[in-house]
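Q: Sharing a structure below in structure tokens format, with a few things to ask.
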Amino acid sequence: MKRYYCKQCNGKLFIINSKTVCPKCSKLNILSKEKSLDISKKRAQYLEKMFWSFLSKHKKGALLVHFANWREELAYSFLEKVPLLETYKFLATNYLLIKIRDKVRFGSKDLNPVDSKRILELFAEFLRIKEETLKINEGFGLLAYKKRRYNLKKAKDLLSNFYLITSVDLKEIFKYYRDYGVYNSKEAEKVIAKYKAEYEKILKRPIKKIHYTPKSFFENDNFFRLLIQLDIAFGRNLLFAETLDFFYLKNKIEPSDLTRICNQIITKLKIPYKPPYPIGVHIKEFIGVLTNLFPKKYKELYNLLVVGDYNITSFPFFLEFGDMVIIFPRTCFLFYLFLHIFLHKELFDKKKNEVSYNFEREKMIDEFKSNGFKAKEIKTRSLQIDAVAWKGKTIYVTECKHWGIRHLMEHKRFHEYLERDLKGIVDGKKYTDRKPKEVVSLVEKVQYIKDNLNTYGLPKKAIVKGLIIVRDFYPIPKYKRVIIKNIKEINKLT
Ligand SMILES: [Zn+2]
């Protein structure tokens, strides 16, 4: 049994004009997955061609600087105005920078504001269609058509006769993004308006200076909260995750290298710095700073961090432009935060587990109690039950999992893993690196409680049920009589 599936045909349910429909059973104007995918790919190809033919008329260097400046503005606004990152735009600027970096042929046209606006519009549309293709491919999207007769060779038909419809489960996931501070721009505006005064207060609070180590970084709760937000926002699908993947930098740089370089340039070279504008220094000065900070690896660092005419493999943290290097301090600070996820993954995972493990279990017991249940944790030498909760004649033997929105939740495999892990709790299988480990199953725990009602002072003749509480999203509502709910739904239990 799965949630969000049609009871008649067992196919996935979709949303069209805010109504839930089954594409198979309804006779609506919805295309099959194969047809949708084919058309979506054609749309993406068409837009990409149009986009590049327009873009490549311009000077390469000018384009790189332009989009890096735009990225710097986004980072500045996120760090110093409102802590809501416009993730889509931030992704777009990085994606564009990489694409431009990789292309060879460009023209000689200067970039004027009208052209730059046009580039952005075309690019936003292209990116939207790229995501559309991805959603269709993963089974979370289909195309619906307006006119029954169409000719795909006509651009007008190809681009405007079809629109994406999204599956109910993906819509459900989008709702949970907000709990992690990830908003679309419309929502963000509302949140900003609501909390503006509070944000301003937070921004004015002085930052305590402590000696930096990766470990001390993770002890800072503000940074940690930001990291969670960035992790969710930039790990949501492969379009994001592949653009912003930094595992290859492990053991080559430290996150703080980026901020150290920026600080050194601003303080030692006494370059006037007015955010959100970037800073330009002569290549020689830049290399001087690098040599001073990292005498042994300055060449390697230059190649890893600076994109230039002769260096098109690095990520564009810094840009070489003529005989200058352009520095983007706020972008560097944002990447300094973000790189901890990749370069200190063990510390990040450890902190995530600690925080959610303690917090979620206590929160769950409180939630039971405030809904009229009695609840307690039970630990014996051989098993642990996160909560036994009872009200009237029902006892819930509960396992609490802090699993919530994780990486790549806009991909089928996330849902498959989640389903596998939930079933594993009931069957007593714990999955790490695919090989399951045998653990005490929830079924056994239910039996243990049934056999020991007296020992724990539980009501006799009660019905004992298995229950799993997760943090937010779950793909199956029940498995082998064990009920699955999220923490907000405890009030629905009787
Ligand atoms: Zn159906």
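Please treat every number below as a calculation from the coordinates, not as lab data. Since we're looking at a predicted model, the values are computed, not measured. Note that each Cβ is placed from the backbone with ideal geometry, even for glycine, and that neighbours are counted across all protein chains shown.
Q: List, in the order given, every pair from Lys89/Lys488; Lys59/Lys99; Lys41/Lys412; Lys27/Lys171; Lys12/Lys350 whose Cα-Cα distance in the structure shown is over 26 Å.
A: Lys89/Lys488; Lys12/Lys350
Q: Using Cβ counts within 10 Å as a stand-in for footprinting exposure, how do Tyr163, Tyr76 rank, fewest first?
A: By the 10 Å Cβ count, ascending: Tyr163, Tyr76.
Q: Suppose we take every Cα in the stretch 14-168 and form the convex hull; what volume per residue is that in Å³?
A: Once divided by residue count, the hull of the stretch 14-168 is 143 Å³.
Q: Still on this structure, I have one more. Does the stretch 1-101 come out rounded, prolate or oblate by the C-alpha gyration tensor, with a ≥ b ≥ c the root eigenvalues, rounded set by a/c under 1.5 and, if not, prolate when a/b is larger than b/c and oblate if not?
A: It is oblate, given that a/c is not under 1.5 and a/b is not larger than b/c.
Q: Helix-only mean residue ellipticity at 222 nm, the chain, DSSP H runs n ≥ 4 weighted -39,500 (n - 2.57), per residue, nearest 500. What is it?
A: Only helices count here, giving -16500 deg cm²/dmol.
Q: May I have the convex hull volume per residue, in Å³, for the Cα set of the chain?
A: Per-residue hull volume (Cα only) is 190 Å³.
Q: Here is a follow-up. What's the angle, to the nearest 10 degrees (0 to 90), between helix 329-343's Cα axis and the longest principal axis of the chain?
A: Tilt of helix 329-343: around 40 degrees.
Q: A follow-up question, please. Just to verify a number: FRET efficiency for Ser56 and Glu438, C-beta to C-beta distance, R0 = 56 Å, to 0.05?
A: After rounding, the FRET efficiency stands at 0.45.
Q: Between Tyr248 and Asp323, how high is the FRET efficiency from 1/(1 + (r/R0)^6) when r is the Cβ-Cβ distance and R₀ = 22 Å? Nearest 0.05.
A: After rounding, the FRET efficiency stands at 0.15.
Q: Given the stretch 356-492, what percent of its DSSP beta bridges are antiparallel, to the nearest 5?
A: Bridges in the stretch 356-492 that DSSP calls antiparallel: roughly 60 percent.
Q: Per residue of the stretch 33-38, what does 6.51 cos²θ - 1.76 cosθ + 1.60 with θ = phi - 60° give for ³J(HN,Hα)? Whole Hz please, x for Gly and Pro, Karplus curve as stated.
A: So the J values, rounded to whole Hz, are 4, 4, 5, 4, 5, 4.
Q: Quick one: if you stick a label point 7 Å off each Cα along the C-beta vector at Lys49 and Thr20, how many nm between them?
A: 4.2 nm
Q: If I take every Cα pair under 8 Å that is 6 or more residues apart in the chain, average their sequence separation and divide by the length, what percent do I get for the relative contact order?
A: 15 percent
Q: A further question follows. Test of understanding: ordering Ile136, Ile279 by Cβ neighbours within 10 Å, fewest first, what list do you get?
A: Sorted ascending by nearby Cβ count, the order is Ile279, Ile136.
Q: Looking only at the chain, where both bridge partners belong to it, what percent of the DSSP beta bridges are antiparallel (to the nearest 5)?
A: For the chain, the DSSP antiparallel bridge percentage is about 70.
Q: With a cap of 10 neighbouring Cβ atoms within 10 Å, and only residues DSSP puts in a loop, list the chymotrypsin sites (Phe, Trp or Tyr not before Pro) found in the stretch 285-387.
A: Here the chymotrypsin sites (Phe, Trp or Tyr not before Pro) that fit, given the DSSP loop and packing criteria, are Tyr310.
Q: Can you tell me the length gained on complete extension of the stretch Arg148 to Arg413, counting 0.36 nm per residue apart and subtracting the Cα distance?
A: 92.0 nm
Q: In whole Å, what is the distance between the alpha-carbon centres of the stretch 32-108 and the stretch 326-359?
A: 25 Å
Q: Give me Ser441, Ser108 sorted ascending by neighbouring Cβ count inside 10 Å, so fewest comes first.
A: Ser108, Ser441
Q: Once you have the Cα-Cα distance between Lys27 and Lys429, take 0.36 nm times their residue separation minus that, and quote the gain in nm to one decimal.
A: Length gained, Lys27 through Lys429: 140.5 nm.
Q: Another question about this same structure. For the stretch 276-285, take each phi angle, set θ = phi - 60°, evaluate the Karplus expression 6.51 cos²θ - 1.76 cosθ + 1.60, and give the result in whole Hz per residue in order, putting x for glycine and proline.
A: Once rounded to whole Hz, the list reads x, 7, x, 10, x, 10, 5, 3, 4, 5.
Q: Return the Rg/Rh value of the stretch 193-332, two decimal places, where both radii are evaluated on C-alpha atoms and Rh is the Kirkwood radius.
A: When Rh is taken as the Kirkwood radius, the ratio is 0.99.
Q: Turning to a different aspect of this structure: Using a Förster distance of 30 Å, how high is the FRET efficiency between Asn311 and Asp421, based on the Cβ-Cβ distance and rounded to 0.05?
A: 0.10
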